[in-house]
Amino acid sequence: MKITFLGQGFESESKNSVGNTIIKLFKESKFSSFTGISAFASEAGVVGLSECITSGAKFFKNLNLIVGIDQEGTSKKALKEINSLGINSFIFYQKESPIFHPKIYLFEGDNDTTLIVGSSNLTARGFFGNVESSLMVEFKNINPDGIKLLKEVKDYYKTLFDFSDPNLFKISHQIITQFVNEGIVPTRKVWSKKHKKNTSNKNPEDNNNLVIPKRPTVKIPTNFKGRYKTNKTVSKLISELEIENSFEFQNKNNNQVVWESGALTERDLNIPKGGNTNPTGSMLFKKGKLQNIDQRHHFRDTVFSSLTWNFDLTPSKSHIERAKANIRFVIKGIDYGVFPITISHNTKTNTKSYIQNNSMTQLSWGETKKLIAQDELIGKTATLYNDITVADTFTLIIE
């Protein structure tokens, strides 16, 4: 038997977070069954879990999930996401005062079992960002101590593990609607407002000398950021979900503008509509609003000089340098998270483009194409920021 402490959120990077651990476990072919029991669930947490389930689809034959809904901790949207998973899923709810608060994640196979018990709810922050503590117990199914522990857990929660408890409600569209109509499950708008961290609306007193130091926070993986739709439906979905568009830097003074575009075009945004043009999947870093620069060299030699650059190994493209930059995308105030973006630079100095003083450096949109290919962004401005306190940290804001 192996017991591992899973701590997270107490430092800027938590490799042993419950979220990272569960992602790995879903890729283990030795497991065929998963049972999750969580006090609360969020939309982003469930969306991330769906990615995990997809990765283990070949191995897992039994997928079970039980979530609580006390204290408006689980939103209607989160329950709808659970319902869309198509797995064996339930709400646990009782009218009596004790709240449903366990967090258990159990992976079982023919020869191996892994049990995680701790404080992490099925939410993006519960899996990655919050300061949480859990224990992971791994054992072979012939291990006496492991057998004893698993029996104790399953015996204590017998009616949950055999799904016979009278306070379990099979998740369906009808059940979700009934709980919402009863005022027990909140809409996403109500849930977001309730769970936004704000200890008081009271303004601080002038003579209050309480100093609260800032701490680094853990970045949540992109696939645990929640859903977004592509192209023209993005804004409509954001409006329907009432997502707050109020992005702010934690320390604005640390983030300096290194580039500001001109009005973005259809080609920039990967949505050319002319009959003779095709989406390129990339955008040239043109001078934009920068003054007195040589756009042929400025972006490679100044803006992205600290990145790790390598020449393309394809013989026909061996003159192209490429590097990866981690860039946070913020579009119309919505923070979509950090994406690995390829930056390419053409080193040839005898081309027509170079002789005409055109830009030789471009950004490949990659998986962010689905975010930026929107008609309503045509004519908007893209601004690239660099955090001067953290190496190679960029934020691209389009508004």
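The values are calculated or read from the model by the stated rules, or taken from the named source; none is laboratory data. Keep in mind that what you see is a predicted model, and the values were worked out from it rather than measured. Positions of Cβ are backbone-derived with ideal geometry, glycine not excepted, and every protein chain shown enters the neighbour counts.
Being surrounded by fewer than 17 Cβ atoms within 10 Å (Cβ to Cβ) and assigned by TED's automatic domain parsing to the domain that holds Ile320 is the requirement here; does Ile343 meet it? Break it down into steps so the answer makes sense when it comes.
On the way: surrounded by fewer than 17 Cβ atoms within 10 Å (Cβ to Cβ): no; assigned by TED's automatic domain parsing to the domain that holds Ile320: yes.
So Ile343 fails the test.
Would you be able to say whether some residue in the range 103-124 is buried (at least 22 other Cβ atoms within 10 Å of the Cβ) and part of a helix (DSSP H, G or I)? Yes - at least one qualifying residue is present in the range 103-124.
Would you check which residues across the range 313-334 are touching a residue at least 24 places away in the same chain (Cβ under 8 Å) and either in a loop (DSSP other than H, G, I, E, B) or under 19 Å from Asp392 (Cβ atoms) (or both) and list them? Within the range 313-334, His319, Glu321, Ala325, Asn326, Ile327, Arg328, Phe329, Val330, Lys332, Gly333 qualify.
For the range 351-371, residues that are surrounded by fewer than 17 Cβ atoms within 10 Å (Cβ to Cβ) and within 16 Å of the chain's Cα centre (by Cα) total 2. So, in the range 311-350, of the ones that are more than 17 Å from Asn386 (Cα to Cα) and among the β-branched types (Val, Ile, Thr), which residue ends up nearest to the chain's Cα centre (by Cα)? The residue in question is Ile334.
Looking at Asn64, Asn20, Asn83, just one residue is modelled with pLDDT of 95 or more and part of a helix (DSSP H, G or I), and that residue is Asn83. Taking the criterion of being among the β-branched types (Val, Ile, Thr) and under 22 Å from the mean Cα position of the chain (by Cα), the residues of the range 105-127 that qualify are Ile116, Thr123.
If I filter the range 122-133 for residues that are β-branched (Val, Ile, Thr) and either closer than 24 Å to Ser29 by Cβ or in contact with a helix residue (DSSP H, G or I) (Cβ under 6 Å, 6 or more places away or on another chain) (or both), do I get at least one hit? Step through it out loud before you land on a result.
In the first step, residues of the range 122-133 are kept if they are β-branched (Val, Ile, Thr); the result is 123, 131.
With the extra rule that they be either closer than 24 Å to Ser29 by Cβ or in contact with a helix residue (DSSP H, G or I) (Cβ under 6 Å, 6 or more places away or on another chain) (or both), the set shrinks to 123.
Looking through the range 122-133, at least one residue is β-branched (Val, Ile, Thr) and either closer than 24 Å to Ser29 by Cβ or in contact with a helix residue (DSSP H, G or I) (Cβ under 6 Å, 6 or more places away or on another chain) (or both).
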